[in-house]
Amino acid sequence: MIDTIKKIGETARRERIAMLRRLIARFGTIVPAGEDRFVVAPSPGAFDRVYGGQSLAEALLAAARTVDGDRQVNSAHCYFLRLGDPAIPITYIVDRLRDTRGFSIRQVRAEQNGQAIITATFSFAAPSQGIAHQWPMPEAPAPETVRPRDVELIMLHGDDLPKNAGVPWPIDLRHVDHRPWDKEIGDGRHRVWMRVDEALPDDPLLHAGLLLFASDLTMADAVTVQHPIVWEDLIAARGMFGASLDHAFWLHMPVRLDGWLLHVQESSRAADGRGFTTGRFFDPAGNLVASVAQEIFIKQVAGERG
């Protein structure tokens, strides 16, 4: 059994690395298409829609091309307007809202066939010094003692993975607490370790983009585990539909995603079908490097399981 788990784990690791390299290569294909307009090619993959974190990360990279290089992203605020089609190119249109001595603000609209699928606003900050404080990092078991998410799913389902399960993802995710496919009802307080599986260049924008990508991966889990929602039904849209409505992200200091980060997420409220989650990212030194908030919409739809 141990040898089987090791074999599955190594295969999953190789697949994550391959997907990470494809994702980074895709970031490099965001090409200018006119003044402050950028286009990226179609992105067929594990999902039947464009993953929101991917379009948000690409919007960040497009916005960054219009900002002085010494300014680093410090926040992002996004609304997901429509489900994107992974078979269609995406155009990112950047609006330069304001530049001051300390900040540059950019608004980005992502379009497919002339229709907006997301709109996002980014703030880029010039280097500065000032007040500083933070909450302490919660305790958590070492990430090496927790199995990767995709290994857990492969052991559970074999080759018959649920639709939209997203295996592999380019990020190694390790659920410390309640996993989204567990049958028991959870309390909505989760700790998740994450990192990429190989060393990355010293490019702050690349690491910020990848963390923005990763910040959308598990936020719904803290909502759904507090209800008798069958995970496979939700991700396959059998009898229910779920989608992120908006996403807010704050980067407090430079970050590296090729080292472990602990994502501590909590869902404090759901009302009228909308579940709200907040998250905090800590590096191994205990620094609170980023914070995130998201609201997800879930509704019952016609159709039977199966």
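The values are calculated or read from the model by the stated rules, or taken from the named source; none is laboratory data. Treat the numbers as computed from the prediction; the structure is a model and nothing was measured. All Cβ positions, even for glycine, are placed from backbone atoms using ideal geometry, and neighbour counts span all protein chains on display. What goes into the accessible areas is simple: the full protein's heavy atoms, side chains included, and nothing from ligands, DNA or RNA. Shrake-Rupley method; radii C 1.70, N 1.55, O 1.52, S 1.80 Å.
Per-structure values
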{"quantity": "For the stretch 189-249, convex hull of alpha carbons as volume per residue, Å³", "calculated": "121"}
{"quantity": "Cα lying deepest toward the dipole's positive end in the stretch 2-54, options I2, V40, A25, charges on Cβ", "calculated": "I2"}
{"quantity": "Extension gain (nm, one decimal) between D233 and A126, 0.36 nm per residue minus Cα-Cα", "calculated": "34.0 nm"}
{"quantity": "Förster radius 30 Å - calculated FRET efficiency between H252 and R49, Cβ distance, rounded to 0.05", "calculated": "0.50"}
{"quantity": "P(r), alpha carbons of the chain - 20 Å bins starting at zero, rounded %", "calculated": "33, 60, 7"}
{"quantity": "Gain in span if fully extended, A25 to L200, counting 0.36 nm per residue against the direct Cα distance", "calculated": "61.7 nm"}
{"quantity": "Shape call, the stretch 99-171: gyration tensor on alpha carbons, a/c limit 1.5", "calculated": "oblate"}
{"quantity": "Dipole magnitude of the chain, debye to nearest 20 (Cβ charges: Lys/Arg +1, Asp/Glu -1, about Cα centre)", "calculated": "340"}
{"quantity": "Accessible carbon and sulfur surface of the stretch 13-120 relative to its total accessible area, %, 1.4 Å", "calculated": "50"}
{"quantity": "Distance between modelled label sites at T11 and E144, nm, 7 Å Cα→Cβ extension", "calculated": "2.5"}
{"quantity": "Gain upon complete extension [E35, T100; 0.36 nm per residue less C-alpha separation]", "calculated": "21.3 nm"}
{"quantity": "Residues whose placed amide H lies under 5 Å from that of I117, excluding near-sequence neighbours", "calculated": "A110, E111, Q112"}
{"quantity": "Calculated [θ] (222 nm, deg cm²/dmol) that DSSP helices of n ≥ 4 give over the chain, each run adding -39,500 (n - 2.57)", "calculated": "-7000 deg cm²/dmol"}
{"quantity": "Sequence of R269, R101 when ordered by accessible area, the most exposed leading, probe 1.4 angstrom", "calculated": "R101, R269"}
{"quantity": "Carbon and sulfur %, accessible surface of the stretch 143-224 computed with the full protein complex present, 1.4 Å", "calculated": "47"}
{"quantity": "Spin-label model distance (nm) - R189 vs D160, 7 Å beyond Cα toward Cβ", "calculated": "3.7"}
{"quantity": "Leading residue at positive end of dipole, the chain (Cβ point charges), from Y79, H207, H175", "calculated": "Y79"}
